[in-house]
Amino acid sequence: MTAARMGVSLAGIELRNPVMTASGTFGYGEEFSACVDLERLGAFVTKGLSMRPRAGNPTPRIVETPAGMLNAIGLQNIGIDAFIEKKLPFIRSVNTPCIVNFFGDTVEEYAEMARRLGEIPEIAALEMNISCPNVKHGGIVFGSDPASAAEVVAACREATGKPLIVKLSPNVTDIVSMAGACADAGADALSMINTLIGMAIDLDNRRPALANVTGGLSGPAIKPVALRMVWAVARAVKLPVIGIGGIASATDAIEFILAGATAVQVGTASFITPDAAQRISEDMESWMRRQGESDIRNLIGALRV
C-alpha cells in the first residue's frame, strides 16, 4: 500500500507531518529527546520565553481534574539570554523546525522579544502568547481585547520577518473577532486554543487546590470547546490554524484537521505518555492508509456540514 503524504505547509514552513508539541508541555525540546524522536514530529514548540527569567507561581500549581488538569505554573522560564546560551546548541542539532513561544508585559517587550528571537536562524517561527496582562494599561489581557491584540501583533510584525503565529485565548466573548484583529495586524497563522480558566477546591482544607486559586484547564475536557472555536475561526479567517486542546489520539488530531486546522499541537497528553506526539503522528499515517486517503492536505477543512 502506498504511503500517505503527511507533509503540510504552514506560514511558509514545510512540516513533515502536521503534529507539533504544545508550549509549556515539552520543555525546550531536549528534556523529551530521550523518549521522543524529534525528527518524527512536524515541529516542536518551546516553553514560553520572556525577557527576564521568571520563577513562576508558588506551589501547589498543578492539580488533576476530571478529564483534564489545571495548571498555574505562572510562565516560569529561564529568560531569553539563558535560552540563547544554554538551549540553542541542542536546537541546532535537531532537523525539525523549532517554534519559540514568547510573551511580554508590554507592547515594547513583545516587540523586543520578537526582534531578538527573529535574528536567530535556527528558529523557524515565533508563537506569541497574548494571554498576558498589559501592565501599562491596567492589567487588561492582550488576548481579551481586539484592539490590544492588534496593537501587540502589529508591533511584533514590524520587529521581525519570521513567521508569526498568534496563540489565541478561549476566554473571550467572540474568538472570531480576536482572530480577525490578529490577521489584519499581520499574523501569519493562529494557534488555538490556550487554556480555559478554571479552579478546583480541596474539601478537606476548604481551600483552593491551587495556591494561585485559579489556573488553566487543559486536556480532553476542553476538546469540544477547542474544536468549535477552530471550526469557527478557520471558516472566517484566511490564515492557517493550528488546533490545540485535548488531543490524545490520532482520531482527535484528524477531527481538528477536518474542522479546518492545518496542523495540531499535543500538550497535556505528553505528561501521561511522553512520546504521545510521535505516536499520534504515526497513528495518523496508519489511519490515512486504512481509509485509502493519499494526502493529509485533502482533509483540511473537509468537514461536511
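Read-outs throughout are calculated quantities, based only on the coordinates presented, and are distinct from any laboratory measurement. Please read all numbers here as calculations on a predicted model, not as lab measurements. Here Cβ is always computed from backbone atoms with ideal geometry, including for glycine, and neighbour counts include all displayed protein chains.
Based on C-alpha pairs under 8 angstrom that are at least 6 apart in sequence, the chain has a relative contact order of 21 percent.
When its C-alpha radius of gyration is set against 2.2 N^0.38 Å (N residues), the stretch 155-238 gives a value of 1.38.
Across the stretch 125-174, the relative contact order, built from alpha-carbon pairs under 8 Å that are at least six residues apart, equals 48 percent. Scanning residues 5 or more positions from Val266 or on other chains, those with amide H under 5 Å from its amide H are Met20, Thr21, Ala22, with H placed 1.01 Å from N in the peptide plane.
Histogrammed with a bin width of 5 Å, the alpha carbon distances of the stretch 209-298 distribute as 3, 14, 22, 21, 19, 12, 5, 2, 1, 1, 0 percent, first bin at zero.
With contacts taken as Cα pairs under 8 Å and at least 6 residues apart, the stretch 99-216 reaches a relative contact order of 22 percent. Each residue of the stretch 295-305 was assigned a 3J(HN,Hα) from its phi angle through the Karplus expression (A = 6.51, B = -1.76, C = 1.60, θ = phi - 60°), giving 8, 4, 5, 5, 8, 5, x, 8, 4, 8, 10 Hz with x at Gly and Pro. The orientation-averaged projection of the convex hull spanning the C-alpha atoms of the stretch 1-109 amounts to 10.0 square nanometres. Around the amide H of Ile201, modelled in the peptide plane, lie the amide H atoms of Ala209, all under 5 Å away and 5 or more residues distant in sequence or on another chain. Under the combined filter of DSSP loop state and at most 15 neighbouring Cβ atoms within 10 Å, the stretch 247-305 retains these trypsin sites (Lys or Arg not before Pro): Arg304. With contributions of -39500 (n - 2.57) from each DSSP H run of at least four residues, the per-residue ellipticity at 222 nm computed over the chain stands at -8500 deg cm²/dmol.
Gain on full extension, evaluated as 0.36 nm per residue between Ala82 and Ser9 minus their Cα-Cα distance, stands at 23.2 nm.
Please report the equivalent ellipsoid semi-axes of the chain, computed as sqrt(5 x eigenvalue) of the Cα gyration tensor, largest first, in whole Å.
Working from the Cα gyration tensor, I get semi-axes of 27, 23, 21 Å.
Restricting attention to the chain, the count of lysine pairs at 8 or more positions apart or across chains with alpha carbons under 22 Å apart stands at 11.
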